[in-house]
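Engineer: Provided herewith is a single structure, encoded as C-alpha cells, for subsequent inquiry.
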Amino acid sequence: MTVEPILVMQGIRKSFPGVAALKNVQLRLFPGEVHALMGQNGAGKSTLIKVLTGVETPDGGEIRLKGELIQPTCVGEAQAIGISTVYQEINLCPNLSVAENIFIGRFPIRGPAIDWKTIERESQTALAALNIHIDVTLPLASFPVAIQQMVAIARALSTAAQVLILDEPTSSLDEDEVERLFQALRQLKQKGMAILFVTHFLDQTYAISDRITVLRNGEFVGEYAASALSRLDLINTMVGREIDEASYAAETAAQTGSVAADPYVSACGLGSTGTMRPIDLDIYQGQVLGLGGLLGSGRTETARMLFGIDHTDSGTIRVGGEAVKLNSPRKAVQHGIAFCPEDRKTEGIIAELSIRENIILALQARRGIFRYLPKRLQRTIADEYIQQLGIRTPDAEKPIGQLSGGNQQKALLARWLATDPKMLILDEPTRGIDIAAKLEIMELVKAQCRKGLAILFISSEMSEVLRVSDRIAVLRDRQKIGEIAGKDADEQSVFRMIAGAES
Amino acid sequence: MNLSRHINARTLPLIVTSLLFVALFGFGSIAYTGFFSAQVFINLLIDNAFICVVAIGMTFVIISGGIDLSVGSIVALTTMVTAALVEHHHWSIWAVIPLVLLMGAGFGLLMGVLIHAFQLQPFIVTLGGMFLARGLCYVISIDSISITDESYTQIAQYRLMLGEETFISISALIALAVLAFAIYLAQYTRFGRTVYAIGGNERSALLMGLPIGRTKILVYTLSGLCSALGGVLITFYMLSGYGLHALGLELDAIAAAVIGGTLLTGGVGYVAGSLVGVLILGVIQSLIAFDGTLSSWWTRIAVGVLLCLFCLMQRLFERGSQSFSFLFSYWKKPAEPSNNTDQEASKACLTQVTTRTAA
Ligand SMILES: Nc1ncnc2c1ncn2[C@@H]1O[C@H](COP(=O)(O)OP(=O)(O)OP(=O)(O)O)[C@@H](O)[C@H]1O
Ligand SMILES: [Mg+2]
C-alpha cells in the first residue's frame, strides 16, 4: 500500500497484577480499511483497544495518529481526536433515553439549553441508517440487548471520527442486523474511515475485513491480508497449534451415549398467552435437544418457561415422570434444572466477586447457606473447572470482572456445571467465545451429556445446533413446528422446515 | 400533545405523588374550614422553603448515585455563622450571605474531592461531614443566637402581596427560583445529563467519555451550596442561629426526594418531584395542625408509611415496565405476523444458506 497508515501502535506493553496482557504488540490502521483484530479469549484484544482509547495507561510503547504522538488519558480525549469506540462491555446508560445515549457527551446546544429536538431527529436518522425504527425517547432499558447493541453502534457511527473501533459489536445480533451493520461499515470505509473490528465469528471476519492482525497470549503474531490467509491458517495462527473444525465435528457426531428410556423433563402444551403458543417438548437424559429457529421465534422464551422465569398459563410439566409446577427458578433448581442465561452482562456474573465465588455461587445457593462448602472444596471445584474449560487466569481468586469477556462466559458455564444438574439449559453458551474454546465447549457439552445429563441447547448459529444436537425442535413464530433427528438434519432441511416448504 | 406517551415508569411516581398532594389538599379543604385558600397553599411553600432548597441539592446527589448526609449539619452551621457574624460582629447581610454560601459550597467541594479522588463511599464521607459541621456549630456557641439586626429582620419579614390578602415571602420566592434553575440544570445542560448518566451506570459513563470526576465533585458542591442557602432561609424564618437547628433535615430531604419519585439507586428522578415531595410533607403537617387533636409526631408516622408505600410502588412500576419491555423484544415482527412476509424472510434466509453452502 502506498497510503500512509492513519494509526500506528508500536511496542505496546501492558501488565496487570499477575498477567502480562500485552507484550510488545503492534498495530497499523489504514484509512479506508476494515481491519480485523483476531485472537483467542484473553489474547489481549480488548486491552489493546483500551490502551488506545485512554481507558488503560500502557506500560510502554507509542501510539501515533497521523504521524503525531498521542497519549490519551481518558475516553473523552480519544473521542476529541477522532477515535470512536464501542467497547465489549456495555457502555450505555440504561436509564437514559435512546436518543440521549447516542448523543451524550456531544449534545448540540441551542442558546443556553440542550437542543432536544435536533437530538431526537438526528438519532432517529442514525438508527434508520441501521434500519431500526424505534421510539428514541424511551429509556434504553426498555429495549432488548440486540437493539441496545445497535444503539451503541449508532452512537459510534454518528460521530464523525477518523478511526472507528468495534469490540465484538455483533455478539448479540442476528444475521440480518449484522448485514445492516456491515453495509454501514462499507459506506464509512468508502469515506476513508479506518475501522478496527473484533469478532469471534470467522464468517464475519472474512465478509468484511481487508486485513487481519492476530494476537496470541498478548503477543503480536502477524499482520495478514484477509485474502491471503485461509480460514484454517487463521485458526491455527490464533490458537498456535493445529485445529481442524471438520475433524472435531466428525468426532463428536460419532459418539452418542446411552439414552434414558423416559424423558427427564416432559412439557405438554406448555404456553403463555401473548408470548408462546402451547409447545410439547421431551428432554431425555443423555441427549441434547437443540432449539432451532430464527431470532424472535421463541427459543429463549421456551427456556424461560421451562426454568420458571416466565409465567405459564397452560400445559403441564413432568419432571422424572412426576407432574410439577415450575413457577419460580428456585423450584426448577430444586428439580435439578440449571439455566445458563443468554445475557451474561446483566444476568450473569458478579464482577466484584472472585472467579471461585462466581463458580460456586449456584452450588452454594442450592445447598442453602447453612451447609457451607468448605473453602478447600470450593477451591478444588473451581480449579477443576478452570482447568477443564481452559479459563485463562493466574488463579481462582481473581475478581471475575478482570477476566476477558470470553473467559467470563466460560466461568458462567462452570457455575452451572458445578451444581451437577440433571438437566442443563444453555442459552447461547458460546457467545463471545473463541473458535477453539467453542469447539471445546461443545465437546464438553457432549461429554456431560454422555454422563447422563439432559441438555437443552439454544444457539443462533444453526451450524452449532446441528453439531451438538441429537434432536432438534424447530420453532417459528413462537410455536413449535416440528422435530428432526440430529443425524438427518442439515442447515437446509431445518431452514426448509422454517420456510414451510416441507410440512 | 399526546399525554399517554409521557406516562411511563419514570413519570408515574411523579404523577401519583402530585395526585396524592391534590387529594390531601382536597381532603383538608373539605374536612377543615379555612383550609382551602391560596394562603394555606403558599404557606406550605413559605414554611418549607428551606427543606425545598436542601432537597433540590439532595436530589442531584441521589440521582448521581450518591448520598449526602451532611446537609442538615451544614444548614445548622450556616445559621450559626450567619447569626454570629450579623449579631456579634455586625457585618452587613450582603457580605455575610455570599460568604456563608461560599462556605457551604466549599464544604461540599471538599467532600466531593474526597469521594472522587480516593474512591471513598459517599455515605461515610458525608457522615464525617455531618459530625464535623455539627460539631463546628458548638465551637461558635453552645446557645442559640437570635438575630435582631434591623436590616436582616426587614428582609426576613418582607411580604410581597399577591392580590388583596395573599402574600409570599422572600424565602419562598428564592426557593421557586432555585427550583426553576435546578430544572434547567437537570434537563437542559450537559452537567445535568451527565449526573443522570453517572447514576445510571458510572462505568458506562466513563467509557462514553463523560467527565465523571468533575461532575461528581460539582454535585456535592451544589448540594453544599443548596444546604448553605437553606441555612440562610432558616435564619430568615427563625431569626436565629443554633446548633440544634435542622436536626435530621437530611432525612427529610431524602424522604422528599424519594416521595417525589427519585430512586435511591440513582439515575432516575425529577427535581420537580422533590418539590412535590416537600409539599406533601408540608400538607401532612398542616392537616395535623388544623386537626388540632393529634400530636405533631403523627407527621413522622405518616411520612414513614408514605415512604414505604412509595418504594413499594416504584418497585411495582419497574416490574410492570419490565414485562412491558418484554413485549418489545419482538420489535422486528409486526403485531400480527402475516404468514406471507414471514415466509419471504425465511426464504431469504434459506437462499443465503444455500448460496453459502454452495460456495
Ligand atoms: N482490569 C484488569 N485487571 C487484571 N487483569 C486484566 C484486566 N483486564 C484484562 N485483564 C487480563 O488481560 C488479559 C487480556 O484480556 P482482554 O480482555 O484484552 O482479552 P480479549 O482478547 O479481549 O479476550 P475476549 O475475546 O475474551 O474478549 C486477560 O488475561 C485478562 O484476564
Ligand atoms: Mg475482549
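Engineer: Go through region B:64-104 and count every residue that is crowded, with 24+ Cβ neighbours inside 10 Å and not hydrophobic (A, V, I, L, M, F, W, C).
Structural biologist: Number satisfying all stated conditions: 10.
Engineer: Could you check region B:230-240 and list, in sequence order, the residues that are surrounded by 24 or more Cβ atoms within 10 Å (Cβ to Cβ) and either among the small types (Gly, Ala, Ser) or in contact with a Pro (Cβ under 9 Å, 6 or more places away or on another chain) (or both)?
Structural biologist: Within region B:230-240, B:Gly230, B:Gly231 qualify.
Engineer: Given the options B:Leu327, B:Leu350, B:Leu263, name the one that is surrounded by fewer than 14 Cβ atoms within 10 Å (Cβ to Cβ), at the interface with another protein chain (Cβ under 10 Å from one of its Cβ atoms) and either modelled with pLDDT under 90 or more than 30 Å from A:Leu466 (Cα to Cα) (or both).
Structural biologist: B:Leu327
Engineer: Which of (1) away from chain B (no Cβ under 14 Å); (2) open to solvent by less than 10 Å² (accessible area, probe 1.4 Å); (3) of a type in the set (D, E, K, R) is the odd one out, the single condition A:Asp427 does not satisfy?
Structural biologist: The number of the failed condition is (1).
Engineer: Would it be correct to say that A:Pro108 is open to solvent by less than 20 Å² (accessible area, probe 1.4 Å), more than 15 Å from ligand 2 (Cβ to nearest atom), within 14 Å of chain B (Cβ to nearest Cβ) and not acidic (Asp, Glu)?
Structural biologist: No, not satisfied.
Engineer: Could you tell me whether A:Arg376 is within 22 Å of A:Glu352 (Cα to Cα) and away from ligand 2 (no atom under 16 Å from the Cβ)?
Structural biologist: Criteria met by A:Arg376.
Engineer: Considering region A:56-95 alone, what residues qualify as being within 16 Å of ligand 1 (Cβ to nearest atom), hydrophobic (A, V, I, L, M, F, W, C) and crowded, with 22+ Cβ neighbours inside 10 Å?
Structural biologist: Those that are within 16 Å of ligand 1 (Cβ to nearest atom), hydrophobic (A, V, I, L, M, F, W, C) and crowded, with 22+ Cβ neighbours inside 10 Å: A:Val75, A:Val86.
Engineer: How about region A:445-503: which of its residues are charged (D, E, K, R), open to solvent by 20 Å² or more (accessible area, probe 1.4 Å) and under 22 Å from A:Ala418 (Cα atoms)?
Structural biologist: A:Arg450, A:Lys451
Engineer: Look through region B:241-251, keep the residues that are outside any loop (DSSP other than H, G, I, E, B) and crowded, with 23+ Cβ neighbours inside 10 Å, and return whichever of them is farthest from the chain's Cα centre (by Cα).
Structural biologist: B:Gly241
Engineer: Hey, any hits in region B:210-232 for a residue that's within 14 Å of another protein chain (Cβ to nearest Cβ), of a type in the set (A, V, I, L, M) and without any contact (Cβ under 8 Å) to a residue 12 or more places away in the chain?
Structural biologist: no
Engineer: Report yes if B:Gly277 is more than 14 Å from chain A (Cβ to nearest Cβ) and in a helix (DSSP H, G or I), otherwise no. Give the derivation first.
Structural biologist: On the way: more than 14 Å from chain A (Cβ to nearest Cβ): yes; in a helix (DSSP H, G or I): yes.
Yes.
Engineer: Across region A:299-311, which residue is nearest to the chain's Cα centre (by Cα) among those that are within 14 Å of another protein chain (Cβ to nearest Cβ) and buried (at least 24 other Cβ atoms within 10 Å of the Cβ)?
Structural biologist: Per the criteria, the residue is A:Arg299.
Listed here are the residues, each with its yes/no results for (1) of a type in the set (Phe, Trp, Tyr); (2) away from every other protein chain (no Cβ under 14 Å); (3) in contact with a helix residue (DSSP H, G or I) (Cβ under 7 Å, 6 or more places away or on another chain).
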site: B:Leu162; (1), (2), (3): no, yes, no
site: B:Ala175; (1), (2), (3): no, yes, yes
site: B:Arg190; (1), (2), (3): no, no, no
site: B:Thr194; (1), (2), (3): no, no, yes
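Engineer: So A:Leu234 passes all but one of these: (1) within 16 Å of ligand 2 (Cβ to nearest atom); (2) part of a helix (DSSP H, G or I); (3) at pLDDT below 90. Which condition number does it fail?
Structural biologist: (1)
Engineer: Which of (1) within 16 Å of ligand 2 (Cβ to nearest atom); (2) away from every other protein chain (no Cβ under 12 Å); (3) under 24 Å from the mean Cα position of the chain (by Cα) does A:Ile12 not meet, given it meets every other one?
Structural biologist: Checking A:Ile12 against (1) within 16 Å of ligand 2 (Cβ to nearest atom); (2) away from every other protein chain (no Cβ under 12 Å); (3) under 24 Å from the mean Cα position of the chain (by Cα), the one that fails is (3).
Engineer: Another question, if that's okay. Of (1) open to solvent by 10 Å² or more (accessible area, probe 1.4 Å); (2) within 16 Å of ligand 2 (Cβ to nearest atom), A:Arg367 satisfies all except one. Which?
Structural biologist: (2)
Engineer: So if I check each of A:Ile433, A:Ile391, A:Ile441, which one is within 12 Å of ligand 1 (Cβ to nearest atom), at pLDDT below 80 and not assigned by TED's automatic domain parsing to the domain that holds A:Thr47?
Structural biologist: The match here is A:Ile433.
Engineer: Does region A:13-37 hold any residues that are open to solvent by less than 10 Å² (accessible area, probe 1.4 Å), in a strand (DSSP E or B) and more than 16 Å from A:Glu68 (Cα to Cα), and which are they?
Structural biologist: A:Leu22, A:Val25, A:Val34, A:His35, A:Ala36, A:Leu37
Engineer: Under 6 Å by Cβ, and 6 or more places apart or on different chains, what pairs join a residue from region A:305-327 that is more than 17 Å from A:Pro341 (Cα to Cα) and among the basic types (Lys, Arg) with one that is open to solvent by less than 60 Å² (accessible area, probe 1.4 Å) and assigned to a strand (DSSP E or B)?
Structural biologist: If the second residue must be open to solvent by less than 60 Å² (accessible area, probe 1.4 Å) and assigned to a strand (DSSP E or B), the pairs left are A:Arg318/A:Ser266.
Engineer: Could you run through region A:420-449 and say how many residues are assigned to a helix (DSSP H, G or I) and touching a helix residue (DSSP H, G or I) at 6+ places or on another chain (Cβ under 9 Å)?
Structural biologist: Selection size over region A:420-449: 14.
Engineer: Read through the list (1) of a type in the set (A, V, I, L, M); (2) under 16 Å from A:Met238 (Cα atoms); (3) within 9 Å of ligand 1 (Cβ to nearest atom), then give the number of the only condition that A:Val25 fails.
Structural biologist: (3)
Engineer: Examine region A:159-166 for a residue that is within 16 Å of ligand 2 (Cβ to nearest atom), out of contact with any Pro (no Cβ under 6 Å at 6 or more places or on another chain) and either open to solvent by 10 Å² or more (accessible area, probe 1.4 Å) or within 12 Å of another protein chain (Cβ to nearest Cβ) (or both), and state whether such a residue exists.
Structural biologist: The answer is yes; a qualifying residue exists.
Engineer: When you look at A:Glu56, is it within 16 Å of ligand 2 (Cβ to nearest atom) and within 14 Å of chain B (Cβ to nearest Cβ), yes or no?
Structural biologist: Yes; evaluated as a whole, the condition is true for this residue.
Engineer: Residues of region A:266-298 being more than 28 Å from A:Ile147 (Cα to Cα) and within 12 Å of another protein chain (Cβ to nearest Cβ), which ones?
Structural biologist: Scanning region A:266-298 gives no hits.
Engineer: Ok, one more. Restricting to region A:450-494, and then to whatever is in a helix (DSSP H, G or I) and under 23 Å from the mean Cα position of the chain (by Cα), can you tell me which residue is farthest from the other protein chains (Cβ to nearest Cβ)?
Structural biologist: The extreme case among them is A:Val468.
Engineer: For region A:142-153, does any single residue satisfy the condition of being small (Gly, Ala, Ser) and within 16 Å of ligand 2 (Cβ to nearest atom)?
Structural biologist: Checking region A:142-153: at least one residue is small (Gly, Ala, Ser) and within 16 Å of ligand 2 (Cβ to nearest atom).
Engineer: Within region A:271-286, how many residues are open to solvent by 20 Å² or more (accessible area, probe 1.4 Å) and either over 18 Å from A:Arg476 (Cβ atoms) or hydroxyl-bearing (Ser, Thr, Tyr) (or both)?
Structural biologist: Applying the first criterion (open to solvent by 20 Å² or more (accessible area, probe 1.4 Å)) to region A:271-286 yields A:273-275, A:277-278, A:280, A:282, A:284-285.
In the following step, the residues that additionally are either over 18 Å from A:Arg476 (Cβ atoms) or hydroxyl-bearing (Ser, Thr, Tyr) (or both) were identified as A:273, A:275, A:282, A:284-285.
Summing the residues that are open to solvent by 20 Å² or more (accessible area, probe 1.4 Å) and either over 18 Å from A:Arg476 (Cβ atoms) or hydroxyl-bearing (Ser, Thr, Tyr) (or both) in region A:271-286 gives 5.
The values are calculated or read from the model by the stated rules, or taken from the named source; none is laboratory data. Everything numeric in this text was worked out from a predicted model, so none of it was measured. Here the Cβ is made from the backbone with ideal geometry for all residues, glycine too, and neighbour counts use every protein chain on show. Note: areas computed on protein heavy atoms with side chains; ligands, DNA, RNA excluded. Shrake-Rupley method; radii C 1.70, N 1.55, O 1.52, S 1.80 Å.
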